Structures are given as C-alpha cells and as structure tokens.
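Chemist: I have a structure here, written as structure tokens, and I will follow up with some questions on it.
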Amino acid sequence: MSTDDYHPFIPQPPGVKIAGPTPRAHALARTQSPRAKGLFANWERMFAEPFRGITTGGHVIPDLYAPRPEGAPTQAMIEAVHALLALMSPGQKKVSCFPVGSQQWRRWQNTELYVED
C-alpha cells in the first residue's frame, strides 16, 4: 500500500482527536470520559461472571467456533511467534503471553472502537 492509498483516511486538523503525546497517554485520557467509564464498568461486571460461551439473547450457541483445519500456514505462524518471543525480555513475555484458558483473553477489546464516536 502506498501513502496515496491510506492518506485520505487519516484525520487532519481540526478532525484529529489525539488526547496525549503517546498512544498510552491517549488511551488513558480517553478512558476517563463518563461514557468510557460506564462501558468499562459494565465490562468489569460481566468479566466477574463465569464465561458460558458466545450468546445471542442470552442463549449460548454451542460449538460456534469449534477448532477445525482451515488451511492456515501453521508452521510459519509458529516460527513467527518463536522469533517474536526470542526478541522479548522476560518482563515483556510476562505481560504478553497467557495460557489458552486464561481469563485475561476475555479482557481484550479495541478501546478506540468503543470510546470514540
């Protein structure tokens, strides 16, 4: 992709809503809005409940994402993960790697999709 392909999608002043000098500062500032605080408080309440599965109207859809072969380049993905892990410090690995059954996976979200209008 060339710069001409994506530049039209980058907001320019006055449409830019950057709320800090770094990505971390921006995210922290955005999470202080009443809207974000309410959203994250609701997520915390849901996180405290046991995971039952993906639901529609409160009814679990069994085997919605059952593991099955999809033809993905598994070996190349494993090699890429090993290469990335080799570059990380022990501290970086600790905050980046979780067991498959970890509750931490339920905390993932893309803040900007929910905090921004």
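Chemist: Could you tell me whether ALA36 is aliphatic (A, V, I, L, M) and modelled with pLDDT of 85 or more?
Modeler: Considered against the rule, which asks whether it is aliphatic (A, V, I, L, M) and modelled with pLDDT of 85 or more, ALA36 comes out as no.
Chemist: Within the set of pairs 6 or more residues apart or between chains, which connect a residue that is at negative phi inside region 92-103 to a residue that is part of a loop (DSSP other than H, G, I, E, B) and open to solvent by 70 Å² or more (accessible area, probe 1.4 Å) with Cβ atoms less than 9 Å apart?
Modeler: The qualifying pairs are GLN103/PHE51.
Chemist: When region 25-40 is examined, which residues are found to be surrounded by 10 or more Cβ atoms within 10 Å (Cβ to Cβ) and not in a loop (DSSP other than H, G, I, E, B)?
Modeler: ALA25, HIS26, ALA27, LEU28, ALA29, ARG30, ARG35, ALA36, LYS37, GLY38, LEU39, PHE40, listed by residue number.
Chemist: Search region 74-104 for residues being in a loop (DSSP other than H, G, I, E, B) and open to solvent by less than 100 Å² (accessible area, probe 1.4 Å), and hand back the single one that is nearest to TRP43 (Cα to Cα).
Modeler: SER102
The values are calculated or read from the model by the stated rules, or taken from the named source; none is laboratory data. Keep in mind the model is a prediction, meaning the values are calculated, not measured. Because the Cβ atoms are built from the backbone with ideal geometry, glycine has one as well, and the counts that use them run over all protein chains shown. The accessibility values were calculated without ligands, DNA or RNA, using every heavy atom of the protein model including side chains. Shrake-Rupley method; radii C 1.70, N 1.55, O 1.52, S 1.80 Å.
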